[in-house]
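Inspection log for the structure reproduced underneath, given as C-alpha cells.
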Amino acid sequence: MTGPRKLSRPLNRRLNRSCARHDSRMLNGCPRPRLANPLVLASRYLGYAMRISRRMAKREPHLFGPHAADYFLDTLHEQQGQRELEIAINRVYGTTADGLPQPSTRWTDRYVTWPAQRFFRKWFKERYGS
C-alpha cells in the first residue's frame with residue numbers, strides 16, 4: 001500500500017496480538033532498528049568485568065590482585081605453624097581452663113584487621129611485589 005492508510009482496515013483482531021514486530025510504516029518510513037550483535041555485547045561486558053576486576057585489585061590487592069594466591073598460601077603456612085605451636089604448648093602446659101583450645105585468629109588478622117591498617121598496601125607491595 002503506497003498511499004495513506006485506509007481507515008476501513010479490519011478492526012476485528014484479537015486483543016492479545018503480539019506486538020513484537022513493527023511495520024516499517026509505524027516507524028514513519030524509517031528502517032527497522034537493528035538487532036544487537038551478540039559478539040559486540042559479549043566484548044562490552046568483558047570490558048566491564050576487566051575494569052571492575054582492576055578496580056577491585058587496586059582497592060584490595062590481597063583478595064583480587066595478581067599476588068592474592070601467594071598471600072593466601074602464606075596465610076595457610078602461617079596458620080599451620082600456629083596450629084603446631086598451639087599443639088606443642090597444649091602438650092606442655094595443658095589446655096585452657098574450659099578444656100577448649102584458644103581459637104586461631106590468623107585469618108581475621110591477615111584478612112580483616114591487617115588490611116584495614118594504614119600502611120598495608122605499602123607492606124603488601126614490598127612483600128609480594130606489584
Inset, instruction - Identify the single condition in (1) in a helix (DSSP H, G or I); (2) modelled with pLDDT under 85; (3) not hydrophobic (A, V, I, L, M, F, W, C) that E84 does not satisfy, given that it satisfies every other one. - result: (2)
Legend entry - Output for the stretch 51-64, where each listed residue is free of Cβ contacts under 8 Å to residues at least 12 places away in the same chain and either farther than 27 Å from R110 by Cβ or surrounded by 13 or more Cβ atoms within 10 Å (Cβ to Cβ) (or both): R51, M56, A57, F64
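A quick yes/no check of all residues on (1) modelled with pLDDT of 85 or more; (2) more than 36 Å from the chain's Cα centre (by Cα); (3) among the aliphatic types (A, V, I, L, M):
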site	(1), (2), (3)
R17	no, yes, no
R34	no, no, no
V40	yes, no, yes
S43	yes, no, no
M50	yes, no, yes
E78	yes, no, no
N90	no, yes, no
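The values are calculated or read from the model by the stated rules, or taken from the named source; none is laboratory data. Fair warning: this is a prediction, and the values are worked out from it, not measured in the lab. Backbone-built Cβ (ideal geometry, glycine too); neighbour counts: all protein chains shown.
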